[in-house]
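A short worksheet on the structure shown next.
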Amino acid sequence: MTASASQTAVRGNAARDTWHVLTRELKPVVRDPFTLIFSLVQPLVFLGLFAPLLIGSSGAPASETLQWFVPGVLVMIVLFGTGATGSNLQYEMMTGSHERTLVAPLVRSSLLVGRALKEIVPILVQSLLIVLIAWPFGFSIHPAGLVLGLALLAVFGVGLGSLSYALALATKDREWLFWGVQQTLIFPLLILSGMLLPLDAAPSWMRVVAAVNPINWVVQGERALFAGDLGASAVAWGWVSALVLAAVGLLVGIRAMRRSH
């Protein structure tokens, strides 16, 4: 067999194994879709209680405030959902099921990529539900912006989910360490992204940190897309940030999976 034929076979095996891992990971979601609904409690609380505060304090029309606030809530769904998904892998490692998966005749990288791609399904379902809930209250839906916005969220979720899995592989059975690192990072990233509150009046140092926070650019890109402003520079920066995060996340995650034992 030539080198090129061998590489083609490896890529084919990787794609096949990734599909098997993806379908395996999706089965619990399909069997128990209520988990997707239950995980919407937190964003719905923010939408129902935080949005009215913004409307009252800004004095702007409700539709205008929702157009600004809802995209941030969608990014928050990804941040809290996929950012914690590594805990599922950590549970598998503690119960021994992950070790049994490692000895299966699968390409190691597929174990990470398949899991990461699985995160796209809950992201799309939950985001569409939030958009539909906000729609009757004045939130405008631009079809092209909606499709591109969901795609941006999916790419962002793949990167963040991969990093969460990498963290689980690094912390192994130390749950306290996984959650300690996750919680230490997630809330500063949330606040410094302008997800819930605008950073226009923030101290200069906060605005400087926010400018290099990739999640901030994803949020800005989502706001532009959902407003129908597809050509805004924020959209380009949002995509750059999400793609870089996805590339780094997959690279780190695949390396961690290959080294796991």
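The values are calculated or read from the model by the stated rules, or taken from the named source; none is laboratory data. None of the values given here were measured: they were computed from a predicted structure. Positions of Cβ are backbone-derived with ideal geometry, glycine not excepted, and every protein chain shown enters the neighbour counts. With ligands, DNA and RNA removed, areas are computed over all heavy atoms of the protein, side chains included. Shrake-Rupley method; radii C 1.70, N 1.55, O 1.52, S 1.80 Å.
Numerical summary
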read-out	value
Theoretical ellipticity at 222 nm over the chain - DSSP helices of four or more residues, -39500 (n - 2.57) apiece, nearest 500	-25500 deg cm²/dmol
Additional length obtainable on full extension of the chain from ALA151 to LEU53, 0.36 nm per residue less Cα span	32.3 nm
Rounded, prolate or oblate (a/c below 1.5 giving rounded, otherwise prolate when a/b exceeds b/c) for segment 66-222 by Cα gyration tensor	oblate
Selected from GLN67, LEU225, HIS98, residue furthest toward positive end of dipole (the chain; charges at beta carbon)	HIS98
By average C-beta atoms within 10 angstrom, highest first, the peptides 219-231, 193-205, 110-122	110-122, 219-231, 193-205
Accessible surface of segment 42-151 [probe 1.4 Å, protein heavy atoms]: carbon and sulfur percent	72
Added length on full extension, which subtracts the Cα-Cα distance from 0.36 nm per residue, LEU251 to ILE141	36.1 nm
Residue of VAL235, VAL181, VAL70 that the Gaussian network model of the chain assigns the largest fluctuation, springs spanning Cα pairs under 10 Å	VAL181
Listed residue (VAL235, ALA247, GLY81) projecting farthest to the positive dipole end of the chain, Cβ model	ALA247
Length released on extending from VAL45 to ASN88, taking residue separation times 0.36 nm less the Cα-Cα span	13.0 nm
Calculated FRET efficiency for the pair ASP229/ARG207, C-beta based, R₀ 22 Å, to 0.05	0.50
Residues of segment 25-87: accessible area per residue with a 1.4 Å probe, Å²	47
Where only alpha carbons of segment 1-158 are counted, the Rg and the Dmax (Å)	19.7, 70
Overall Cα dimensions of segment 130-240 - principal axes, largest extent first, Å	45, 32, 28
